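This report refers to the structure that appears directly beneath it.
The values are calculated or read from the model by the stated rules, or taken from the named source; none is laboratory data. If you're wondering where the values come from, they're calculated on a predicted model, not measured in any experiment. Glycine gets a Cβ as well: all are built from the backbone with ideal geometry, and neighbour counts include every protein chain shown. Areas reflect the complete protein model, heavy atoms only, side chains present, ligands, DNA and RNA absent. Shrake-Rupley method; radii C 1.70, N 1.55, O 1.52, S 1.80 Å.
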Amino acid sequence: MIVVADAGPLIHLSLIGRLDLLPALYGRILVPELVYREVVDLGADLPGSVELRAADWVDRSPHPPDHPLFPLLRSQLDPGEAAALCLAADRVAELILSDDRQARLAAERLGFPIKGTLGLLIEAKRRGEIDLLAPALTELKIRGTWLSDRLVARVLSEVGELAGSS
């Protein structure tokens, strides 16, 4: 399975010490060089930097600077997100990992399945990679990720962790 990630899920999973879920769920992950540099070099003292640098399951890949989609995507997205979508188009990715709303919309318009951090955590729970989702969501909130109480309740209900859920 070809999976391309932008910075958001890499950083958010690192925040809660669960970057290990990516290789457990998908094996190898393609990360555009722009995204890698954003997380590892530019974010040297931030969550995700050390973890991504140590990840031997990440394949770094440059995107062609003259990729025809890049200028169009760049007009709406940050460079890393645009590079991730270009890489996904080049490699005919089966999944894109992104938390950015505009990147998710662009990926959907291009016909790519997309999953964000919460979707990854739900999949990890369903596949038995984590026992409980609630502690991960609580930790994300504690670490500064904005998640509405309504969204948290919906996600926990979806995986059967909310009282009264099926």
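Listing for the model above:
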item: Residue within the stretch 126-134 that is in contact (Cβ under 8 Å) with a residue 24 or more places away in the chain, in a loop (DSSP other than H, G, I, E, B) and touching a His at 6+ places or on another chain (Cβ under 9 Å) present; result: no
item: Scan of the stretch 59-83 for residues that are crowded, with 22+ Cβ neighbours inside 10 Å and within 15 Å of Arg28 (Cα to Cα), ordered by number; result: none
item: Among (1) modelled with pLDDT under 95; (2) surrounded by 14 or more Cβ atoms within 10 Å (Cβ to Cβ); (3) in a loop (DSSP other than H, G, I, E, B), the one test that Phe112 misses; result: (1)
item: Qualifying positions in the stretch 88-141 - over 16 Å from Pro32 (Cα atoms) and among the hydroxyl-bearing types (Ser, Thr, Tyr); result: Thr117, Thr138
item: Sole residue being part of a helix (DSSP H, G or I), open to solvent by less than 30 Å² (accessible area, probe 1.4 Å), touching a residue at least 12 places away in the same chain (Cβ under 8 Å) and among the hydrophobic types (A, V, I, L, M, F, W, C), chosen from Leu34, Leu22; result: Leu22
item: When residues of the stretch 98-109 are limited to those that are open to solvent by 50 Å² or more (accessible area, probe 1.4 Å) and assigned to a helix (DSSP H, G or I), the one farthest from Thr145 (Cα to Cα); result: Arg109
item: Arg126 being out of contact with any helix residue (DSSP H, G or I) (no Cβ under 7 Å at 6 or more places or on another chain) and either open to solvent by 20 Å² or more (accessible area, probe 1.4 Å) or closer than 19 Å to Gly8 by Cα (or both); result: yes
item: Conditions (1) open to solvent by 60 Å² or more (accessible area, probe 1.4 Å); (2) in contact with a helix residue (DSSP H, G or I) (Cβ under 9 Å, 6 or more places away or on another chain); number of the one not met by Leu151; result: (1)
item: In the stretch 84-97, the residues that are surrounded by fewer than 21 Cβ atoms within 10 Å (Cβ to Cβ), part of a loop (DSSP other than H, G, I, E, B) and at negative phi; result: Glu94
